[in-house]
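Below is one structure; the comments refer to it alone.
The values are calculated or read from the model by the stated rules, or taken from the named source; none is laboratory data. The model shown is predicted, which means the values in this text are computed figures rather than measured ones. Neighbour counts are summed over all protein chains in view; Cβ atoms, including those assigned to glycine, are modelled from backbone coordinates with ideal geometry.
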Amino acid sequence: MHTTVSSPTKTVVIGPDQPFCIIGERINPTGRKAFQEQLRAGDLSAVEKDVADQVAGGAMMLDVNMGAPFVDEPEMLARAVQLIQSITDLPLCIDSSVVEALEAGLAAYQGKALVNSVTAEDERMELILPLVKKYGAAIIALPNDDVEIPEEPQRRLELTRRIVDVATTKYGIPIEDIVIDPLAMPIGADPTMVVRTTETIALIKEHIGVNMTVGASNVSFGMPDRHTLNSVFLPMAIQSGLTSAIMDARTPQIVTAVKAADLMRGNDEWGGAWIAAHRARQAAG
């Protein structure tokens, strides 16, 4: 199954037979006090550097989130989308928990966006899925509802089925435009969390077959040497069926691990991308 997203001049295809889709996570004010202050002042200059760094690192899409206290998020997200599209042709993942901001971002976007995100809660689906249909976008969906964030992979599978059923039958969203986030939780809180995530990925791959993504940095939250943990987790998840991740595209250790997984799984024909990246590093060094 292929999920296609695009800008006016570039198309990215997500799928198990495609190179793993690296979605740059950096354009997000969470945990960035200086960036938050800039956004409150209406200053988007930091975004330009974030774009350049992630493109240089190998990002294939960019996640864009403008959620910060005392920021007019709809206005700022629309401005950020327009700015980013003026300096890169990478497709965008429009990321917000505020419905008005999602609509403002989608209205400003040129192309087919990926929307981050919706849950299995009835109210959230009723608010967000019509927007996804209206703008012809693809959607990231998380298998949690208003009762729980389930720990058991089987329950996550059940909620995934529900989201897919509602999105396809009630709102007419093609199943290939639904990308599931199987819920990657911090391993520092529970050392079984990663095993449960990979089990969930395998179940969704087997029984539903949709593409999947995660917020990869969630796994290492609160732990030392986070880059090593993330660079080990992602190949494990890829082997289970993960096809994309919102991740740190600026960190060579993590990006290299993903590219190596592509090569080992046969998604890098003749090792062309691996060899080209190696030569580029040599030239830069």
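Taking the condition surrounded by 23 or more Cβ atoms within 10 Å (Cβ to Cβ), touching a residue at least 24 places away in the same chain (Cβ under 8 Å) and of a type in the set (S, T, N, Q), does THR3 pass? Please lay out each step first, then the result.
Numbers: surrounded by 23 or more Cβ atoms within 10 Å (Cβ to Cβ): yes; touching a residue at least 24 places away in the same chain (Cβ under 8 Å): yes; of a type in the set (S, T, N, Q): yes.
So THR3 fits the description; yes.
Which condition number does THR200 fail, the rest of (1) polar (S, T, N, Q); (2) at pLDDT 95 or above; (3) out of contact with any Pro (no Cβ under 8 Å at 6 or more places or on another chain) being met?
(3)
Being of a type in the set (D, E, K, R) and closer than 24 Å to ALA59 by Cα: is that true of ASP122 here?
Considered against the rule, which asks whether it is of a type in the set (D, E, K, R) and closer than 24 Å to ALA59 by Cα, ASP122 comes out as no.
List the number of the failed condition for GLY58; all other conditions in (1) without any contact (Cβ under 8 Å) to a residue 12 or more places away in the chain; (2) on the phi > 0 side of the Ramachandran plot hold.
For GLY58, the failing item is (1).
Within the stretch 233-241, is even one residue modelled with pLDDT of 95 or more, farther than 24 Å from ALA138 by Cα and either in contact with an Asp or Glu (Cβ under 8 Å, 6 or more places away or on another chain) or not aromatic (Phe, Trp, Tyr) (or both)?
Yes, some residue in the stretch 233-241 is modelled with pLDDT of 95 or more, farther than 24 Å from ALA138 by Cα and either in contact with an Asp or Glu (Cβ under 8 Å, 6 or more places away or on another chain) or not aromatic (Phe, Trp, Tyr) (or both).
Please go through the stretch 97-111 and pick out each residue that is touching an Asp or Glu at 6+ places or on another chain (Cβ under 6 Å) and surrounded by fewer than 22 Cβ atoms within 10 Å (Cβ to Cβ).
Listed by number, the list holds a single entry, VAL98.
Would you check if there is a residue in the stretch 10-33 being part of a helix (DSSP H, G or I), at pLDDT 95 or above, surrounded by 14 or more Cβ atoms within 10 Å (Cβ to Cβ) and not aromatic (Phe, Trp, Tyr)?
no
Taking the stretch 88-108 on its own, how many of its residues are free of Cβ contacts under 8 Å to residues at least 40 places away in the same chain, part of a helix (DSSP H, G or I) and under 23 Å from ILE14 (Cβ atoms)?
Residues that pass the stated criteria total 3.
Of everything in the stretch 165-183 that's closer than 22 Å to ALA113 by Cβ and surrounded by fewer than 19 Cβ atoms within 10 Å (Cβ to Cβ), which residue is nearest to the chain's Cα centre (by Cα)?
GLU176
In the stretch 138-154, what count of residues is obtained for those that are surrounded by fewer than 22 Cβ atoms within 10 Å (Cβ to Cβ) and either without any contact (Cβ under 8 Å) to a residue 12 or more places away in the chain or not in a helix (DSSP H, G or I) (or both)?
9
Conditions tested, residue by residue: (1) closer than 21 Å to GLU176 by Cβ; (2) surrounded by fewer than 20 Cβ atoms within 10 Å (Cβ to Cβ); (3) at pLDDT 95 or above; (4) out of contact with any Phe, Trp or Tyr (no Cβ under 6 Å at 6 or more places or on another chain).
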residue: GLU75; (1), (2), (3), (4): no, yes, yes, yes
residue: VAL81; (1), (2), (3), (4): no, no, yes, no
residue: ASP95; (1), (2), (3), (4): yes, no, yes, yes
residue: ALA113; (1), (2), (3), (4): yes, no, yes, yes
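Among residues belonging to the stretch 46-60 that are part of a helix (DSSP H, G or I) and modelled with pLDDT under 95, point out the one that is surrounded by the most Cβ atoms within 10 Å (Cβ to Cβ). Quick ask: steps written out before the conclusion?
Step one: filter the stretch 46-60 for residues part of a helix (DSSP H, G or I), giving 46-57.
Filter again for modelled with pLDDT under 95, leaving 56-57.
On the way: ALA56: 11, GLY57: 18.
For the stretch 46-60, the residue satisfying everything is GLY57.
Could you list, in sequence order, the residues of the stretch 237-285 that are of a type in the set (A, V, I, L, M) and over 17 Å from the mean Cα position of the chain (by Cα)? First the steps, then the outcome.
Here is the first cut: in the stretch 237-285, the residues of a type in the set (A, V, I, L, M) are 237-238, 242, 245-247, 249, 254-255, 257-258, 260-261, 263-264, 273, 275-277, 280, 283-284.
Residues satisfying the conditions are ALA257, ALA260, ALA261, LEU263, MET264, ALA273, ILE275, ALA276, ALA277, ALA280, ALA283, ALA284.
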